[in-house]
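Right, one structure below, let's go through it.
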Amino acid sequence: YVNNLTIRDLDIAWGDGLPSYFSDGVFCEDFRNLTIDGFDGRQAPGADSAAAVTLRRGRNFTIRNSTAAGGTGTFLSLSGVRGKFLLMSNDLSGAARVVSPEGTPLRLYGNYLPNSQTQGGRPSQNHT
């Protein structure tokens, strides 16, 4: 269990020929008050069911100033996460999907979303 963890300025560039156990760019479980600030990356090559960021069994998180690298399938995968969810000032245009499961209540502020999830690829407005 971790409380008040901040991951800052993390860039992930995957090599070729990685073993199959390489999957998510960031994986965090059993957390409270997680902040990811300045992440740039995606899931491992060939790990199509993985996400750039996977969070499990936690409470309250913020992801800001981050970038979904080209080829990202799902940027954020959530399971058993409760509380406040905030995505702010991220470039998520490189992702096919922002979040899984779809319909997860997120607060989005000033994010650049994938074209498939916006009107003409414009930045998100303040909404839940």
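Got a number for residues in the range 48-75 being open to solvent by less than 10 Å² (accessible area, probe 1.4 Å), part of a strand (DSSP E or B), under 19 Å from residue 2 (Cα atoms) and not hydroxyl-bearing (Ser, Thr, Tyr)?
4
State the number of residues belonging to the range 1-47 that are over 24 Å from residue 111 (Cα atoms), of a type in the set (Asp, Glu) and open to solvent by less than 70 Å² (accessible area, probe 1.4 Å).
1
Can you name every residue in the range 24-38 that is charged (D, E, K, R) and either closer than 14 Å to residue 80 by Cα or modelled with pLDDT under 95 (or both)?
29, 30, 32
Tally the residues that are within 14 Å of residue 89 (Cα to Cα) and either touching a Ser or Thr at 6+ places or on another chain (Cβ under 6 Å) or of a type outside the set (Gly, Ala, Ser) (or both), restricting the search to the range 47-67.
5
Just for the range 92-128: of the residues that are under 16 Å from residue 36 (Cα atoms) and buried (at least 17 other Cβ atoms within 10 Å of the Cβ), which one is modelled with the lowest pLDDT?
Result: 106.
So which pairs qualify, if the first residue must be in the range 77-102 and assigned to a loop (DSSP other than H, G, I, E, B), the second must be among the acidic types (Asp, Glu), the Cβ gap must be under 9 Å, and the two must be at least 6 apart or on different chains?
80/29
The values are calculated or read from the model by the stated rules, or taken from the named source; none is laboratory data. Keep in mind that what you see is a predicted model, and the values were worked out from it rather than measured. Cβ coordinates were reconstructed from backbone atoms using ideal geometry, including for glycine residues, and neighbour counts include every protein chain displayed. The protein model used for the area step is the full one, side chains on, heavy atoms only, and it has no ligands, DNA or RNA in it. Shrake-Rupley method; radii C 1.70, N 1.55, O 1.52, S 1.80 Å.
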